[in-house]
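Asker: Mind looking over this structure? Questions follow.
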Amino acid sequence: MRNAHISRQKNHYLASIGIAALTINTIALMLLREQVHLPMLEASLISSEIGLIHTYLLHCAFMFHHEATGVKHLTLFHGMACATMALTSMLLSAIVSMLGIAYPVSNLLAVAVASGVNYLLFSHWLWPGLPASSNQPTMIRKSFLRSWRAWVAYGAVGAGMVGVLLLIHWLANGQWQAYVILGLIFFMLFQSLSSLYLMLYTWEKPERLAASGGPTSYEPARTSFAVLLPARHEEAVIYQTIHKVWAASYPHDLLEVVVICHSDDLGTIAEARRAIAEIGSPRIWVEVFADGPINKPHGLNIGLRRTHNQVVTIFDAEDDIDAQIFNVINTVMLREQVGVVQAGVQLMNYTDHWFSCHNCLEYFFWFKSRLHFHAHHGMVPLGGNTVFLRRDLLEQVGGWDEQCLTEDADIGIRLSILGEPIRVVYDAQHVTREETPDTAEQFIKQRTRWHQGFLQVLAKGDWLRLPTLAQRLLAVYTLSYPLFQGFLLLLWPAMLLSVLWLRLPLGVTLVSFLPLYAFVMQFVVSVIGAWMFSREFKLRFPLWLPVQMALTYVPYQLMMGLSAVRAIWRETRRETGWEKTRHLGAHRRA
């Protein structure tokens, strides 16, 4: 008896959903025909798609448990729905042309037949034996909350289909420019919103923010560290850096520190040996090499071969490290059993130049938020310093690629391929402090090197060996960022001219402002981030800073775009020379 009751209840709900979808379908058809003036076939396909989206959402909310609203059911539903949608359109055209019945009535007849086919398919194949909930009001609330991701995904599929149909319509009516402009608008909107999401990822949930920091108590020191300090023309900063590393609060018998220099860099070698002589420990020395290439990854591989401790650590020549950083990493590695830790790096002199604040905030959002997103999904382009790697893992992947301009991101992806979990730690107390480039030219050269390195890693194709499709897509998106940024630099003027001079449909003109809204939202988040940054690091927040940020925000984005274009140009010409960033120790003065 109970099964019979449930079956009748299920049929009643199916009928109610069918009637609601039929109403939506008919209204949409009439609007598309009378107001948009679409041809019958296109209007029928679009209205049918709208009706199907409505049907699926109602099925999720009213009929079935949320476990039955995943990607599998979504795909099956849409596949079967496409068949019945085609059947609806063919029946509608046939009834109107052969019997001469008005199209609203013909649509009712066609949808009624297709609904019967839908009922048989859905009830006996897609969701067989799934009962309607015995507590409908409760299920409506729970299913609505739990299945929203499936609904969003299905809405995206439906929007894509509608876009294809509109493309057909515009092409048929000679309005292809409108579709091209619309596609570019949505590309810019996607890029802006995805960047905004990654900037705010850690703050989305309190547990993420809590987990992003380091431990508050330390385990006894058991891990030994080999600190690599590659340096070239760093005589202005290397002396103090060596002293800061050796002054760290960690047993010296568990440390070995090697400064790696090319034989022609006499100034840096002299300053390094002066600091080492003052320290007077055999556990710290200068390693000089004379072969090529003269770049950071080659120096790191030499340091890897000349050291022996368990965990290999990279610091840059200008780094100011926190005294407890080795205790933090020792604790994280022991408690969480991870072999790779990326600790925070932060530029500090945020008021020195017109671009300094934006540059500091990039690091702030990258290490405090975005890298945690990458770590959660198992695809981490590591940073260039304050990274800690177990020696056996480094040897397993063959060390650093000496031909790559971003050897850090490259080795991070190769470690991700192993499935090795990578822990990211960022809190204001334990970050490594650095300086922004001292001129715009230096900034562009630095960013060009990073962009070009990402393109090199993308071209190598190691990311294709990442275990999951989601990781591979994330890798492509991340490594292709220079292409996006260069394209956007060229796109903004073209988009502005098209909106001003082309005669576009009103809807396209209105939608064209969406990327601008997202861009403004990014700026607002940046200003809030600047205030949070100054608060976390106990720095003064000048009242004029938001005004300066507003005046320099677009020039900074243009400078980033110019760096991307320059990187693409260099890569196409196979110019892979290492453009080194000059360091003066400005963060120490700050």
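Throughout, read-outs are computed from the coordinates displayed, never taken from laboratory work. Predicted model only: the values in this text are computed from it and were never measured. Virtual Cβ from ideal backbone geometry, glycine too; neighbours counted across all protein chains shown.
Asker: Taking a 24 Å limit on the Cα-Cα distance, which of the listed pairs Lys205/Lys368; Lys368/Lys580; Lys244/Lys538; Lys368/Lys538; Lys244/Lys445 fall beyond it? Walk me through the intermediate numbers first.
Answerer: Working: Lys205/Lys368 13 Å; Lys368/Lys580 26 Å; Lys244/Lys538 21 Å; Lys368/Lys538 17 Å; Lys244/Lys445 28 Å.
Pairs exceeding the cut-off: Lys368/Lys580; Lys244/Lys445.
Asker: Quick one: give the max-minus-min coordinate of the C-alpha atoms of segment 517-590 along each principal axis, largest first, in Å.
Answerer: Computed over the Cα atoms, the extents are 45, 38, 18 Å.
Asker: Tell me, Kirkwood radius of segment 418-494 from alpha-carbon pair distances, in Å? Can you show the working numbers first?
Answerer: On the way: mean 1/r = 0.0650 Å⁻¹.
Taking every pair of different Cα atoms in segment 418-494, averaging 1/r and inverting gives 15.4 Å.
Asker: What is the Cα radius of gyration of segment 255-354 over 2.2 N^0.38 Å, N being its residue count?
Answerer: Values: Rg = 15.8 Å, N = 100, 2.2 N^0.38 = 12.7 Å.
That works out to 1.25 for segment 255-354.
Asker: Kirkwood-based Rg over Rh for segment 309-403 (C-alpha set), two decimals? Provide the component values of the computation, followed by the final result.
Answerer: Values: Rg = 14.8 Å, Rh = 14.9 Å.
My calculation of the ratio gives 0.99.
Asker: Dipole magnitude of segment 342-454 about its Cα centre, charges +1 at Lys/Arg Cβ and -1 at Asp/Glu Cβ only, in debye to the nearest 20? Display every interim value, and only then the final one.
Answerer: Values: 10 positive and 15 negative charges, 65 e Å.
That gives a dipole near 320 debye.
Asker: Let me ask another. List the residues whose amide H sits under 5 Å from the amide H of Asn349, counting only those 5 or more places along or on another chain, with H placed 1.01 Å from N in the peptide plane.
Answerer: HN-HN under 5 Å from Asn349: Thr436.
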